[in-house]
1. Using alpha-carbon positions, what is the distance between the centroids of segment 170-203 and segment 207-221, in Å?
2. Ignoring ligands, DNA and RNA, what percent of the accessible area of the chain is carbon or sulfur (1.4 Å)?
3. With every protein chain left in place, what is the accessible area of W193 in Å² (1.4 Å probe, nearest 10)?
4. For segment 65-202, what is the relative contact order in percent, using Cα pairs closer than 8 Å and at least 6 residues apart in sequence?
5. Given the whole protein assembly as supplied and a 1.4 Å probe, what does the accessible area of L152 come to in Å², nearest 10?
6. Where only protein heavy atoms count, and the probe is 1.4 Å, what is the accessible area per residue for the chain in Å²?
7. Take each of the peptides 122-135, 95-108, average the number of other beta-carbon atoms within 10 Å over its residues, and list them starting from the highest.
8. How large is the dipole of segment 206-272 about the Cα centre if only Lys and Arg carry +1 and Asp and Glu carry -1, each at its Cβ, rounded to the nearest 20 debye?
Amino acid sequence: MTRSFSFVYSALLIFVLSLPGPLFAASVTIDASTLVPNVAVSFSPRSGSFEEGSTFQVPIVLDTNGTSINGIEVRLNFDADRLSIVQASTGQSIVGVWVEPPTYDNTRGTASYVGVIPNGIVTESGVIGTITFRAKSPGRATLSVRSDSNILLNDGLGSPATLEKGRAEYSVIPKAPGGASVYSETHPSQSSWYNNNSPVFAWEIEPGVTGFSYVLDNKPNTVPGNTVTDTGTTKGYENLDDGLWYFHIKAYKNGVWGGTTHFLVRIDTTPP
């Protein structure tokens, strides 16, 4: 009886041990990416409107989310049709040693910052560098962190962190044309009186201007309406009354009206 029980027990034990693992332990699946620290590179500001021809600065900002990092390789793309880089500054950078100087290519629309931070850093808003852009032409322009960028952990191994790649979008608005340069061959001096009551005005046209709005009256600060009056560059008037007359004109360019120019003529046709 004892020998029979021992045999059955041994056979049962061998059978149980040969069964698949799930009878003894639940299967556990772990997403390794969730174990890698997450950091973010962004831009400040992330949006904005800037006038054509103006310059503006965009700091590149690092948030390590409580993790120490000691290496950066940040590569950027920007809209080269709308923007150009004037300067890639490193004056306030958290980077201690540059592996390569910050570089940029205004033809391809790229820029890069590669360096190390001795002893590492933990920061919520560390400035990697500041780019000064010039707004080249009207339209919408984007700035983004490229997929081949890396931030390295300060873990003695240079392990790459999970990187949130920032993006910014800017609007370049058309530059308003300057005030028209007005002159008069019939009444050249605005401080002199003339006995000619038929003044002729002329003005210069700058590149890109497609029309003008003008009006003549006796008020010094009138602003013409936002309707194109003429596309030419001269205008004459006849038989005006004696007194002060003001010619007001503004230019229209790329959907934007410029400032108003005022030109005074003094008419006195009455004999003394």
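The values are calculated or read from the model by the stated rules, or taken from the named source; none is laboratory data. Computed from a predicted structure; not experimentally measured. Virtual Cβ from ideal backbone geometry, glycine too; neighbours counted across all protein chains shown. Accessible surface areas use protein heavy atoms only, side chains included; no ligands, DNA or RNA. Shrake-Rupley method; radii C 1.70, N 1.55, O 1.52, S 1.80 Å.
1. 8 Å
2. Exposed carbon and sulfur together represent 52 percent of the surface.
3. Solvent-accessible area, nearest 10 Å²: 140 Å².
4. 29 percent
5. Answer for L152: close to 60 Å² accessible.
6. Numbers: 15410 Å² over 272 residues.
Here the residues of the chain average 57 Å² of exposed surface.
7. Working: 122-135: 18.1, 95-108: 13.6.
Taking the mean over residues of other Cβ atoms within 10 Å, the ranking is 122-135, 95-108.
8. 300 debye
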